[in-house]
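The values are calculated or read from the model by the stated rules, or taken from the named source; none is laboratory data. All figures in this text were calculated on a predicted structure; none of them were measured in a lab. A quick note on method: Cβ atoms are made from the backbone with ideal geometry, for glycine too, and the neighbour counts reach across all protein chains shown.
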Amino acid sequence: MCNLYSLTSAQSAIADLVNLWRDDTGNLAALTGIYPDYPAPVITQTPQGRVMQMMRWGMPSPAFVLKGKKTDKGVTNVRNTASPHWRRWLGPSHRCVVPFTSFSEYQTVKGEKPKTVWFAPTGPQKTLFFAGIWTEWTSVRTLKEGETTNNLFAFLTVEPNAVVAPIHPKAMPVILRSPEAIAHWLDAPVDAALKLQRPFPDDGLEVIEGPV
């Protein structure tokens with residue numbers, strides 16, 4: 001699954017693409033390596049408009065995963081949207097979009113060390129968005145921190161397109177590009193919004209040498 005991505009767009013470019021109402025991320029530096037549990041910009045819909053804020057990557061894990069564990073590092077990718085654990089966060093108030101400029105998948109070849117392969121958008125629009133969910137949650141992410149309350153996010157995955165499948169045949173992130181798709185994901189009823197859980201067009205992504 002995608003557990004590493006980048007975001008190097010200017011904040012103004014992101015704001016223009018999503019018609020941002022407020023940016024709470026401060027002076028955002030280029031993020032060439034966003035890993036699980038890292039803070040990253042996430043856009044949510046509020047009654048006043050769209051807000052971008054920093055959240056930690058990794059939604060609360062299901063109870064069975066945490067059995068016998070003292071910490072919950074979170075789930076970064078969500079595939080089974082029929083699960084009761086995830087369905088409680090599929091309504092518009094818990095949906096979000098996550099801007100990115102490239103993402104990676106591990107390519108595994110028998111007898112060799114896994115290789116990180118990067119993907120980026122084709123065409124003039126260099127910032128795309130993962131379709132995500134988010135929640136405020138109190139948990140122990142690390143023993144050093146102890147119990148903390150954080151805004152957490154993850155994004156949906158789906159079967160891979162023809163570009164990603166040769167590298168990672170199991171899944172790829174759900175990607176949104178157009179303003180209409182972003183609005184639909186943030187605002188539509190659950191069943192209608194979940195129709196966006198589909199592979200991104202093959203001609204919309206290409207393999208690149210490293211993060212951009």
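Check Glu180, Glu136, Glu145 and return the single one that is charged (D, E, K, R), touching a Leu at 6+ places or on another chain (Cβ under 9 Å) and either outside any strand (DSSP E or B) or more than 24 Å from Thr116 (Cα to Cα) (or both). If you could, list the steps in order and put the result at the bottom.
Numbers: Glu180 fails: touching a Leu at 6+ places or on another chain (Cβ under 9 Å); Glu145 fails: touching a Leu at 6+ places or on another chain (Cβ under 9 Å).
Answer to the selection: Glu136.
Anything in region 8-36 that is β-branched (Val, Ile, Thr) and either loosely packed, with under 14 Cβ neighbours inside 10 Å or more than 18 Å from Ser102 (Cβ to Cβ) (or both)? List them, or say none.
Of all residues in region 8-36, those β-branched (Val, Ile, Thr) come to 8, 14, 18, 25, 32, 34.
Matches in region 8-36: Val18, Thr25.
Within region 93-126, can you find the residues that are surrounded by 15 or more Cβ atoms within 10 Å (Cβ to Cβ) and under 14 Å from Ile34 (Cβ atoms)?
Val98, Pro99, Phe100, Thr101, Ser102, Phe103, Ser104, Trp118
As an exercise: evaluate Ala192 against (1) part of a loop (DSSP other than H, G, I, E, B); (2) modelled with pLDDT of 95 or more; (3) surrounded by fewer than 13 Cβ atoms within 10 Å (Cβ to Cβ); (4) small (Gly, Ala, Ser) and give the number of the one condition it does not meet.
(1)
Mind checking which residues of region 148-180 are in contact with a helix residue (DSSP H, G or I) (Cβ under 6 Å, 6 or more places away or on another chain) and either surrounded by 23 or more Cβ atoms within 10 Å (Cβ to Cβ) or under 25 Å from Pro39 (Cα atoms) (or both)? I'd like the intermediate steps shown before the answer.
Just the residues of region 148-180 that are in contact with a helix residue (DSSP H, G or I) (Cβ under 6 Å, 6 or more places away or on another chain), to begin with: 161-163, 176.
Passing the criteria: only Leu176.
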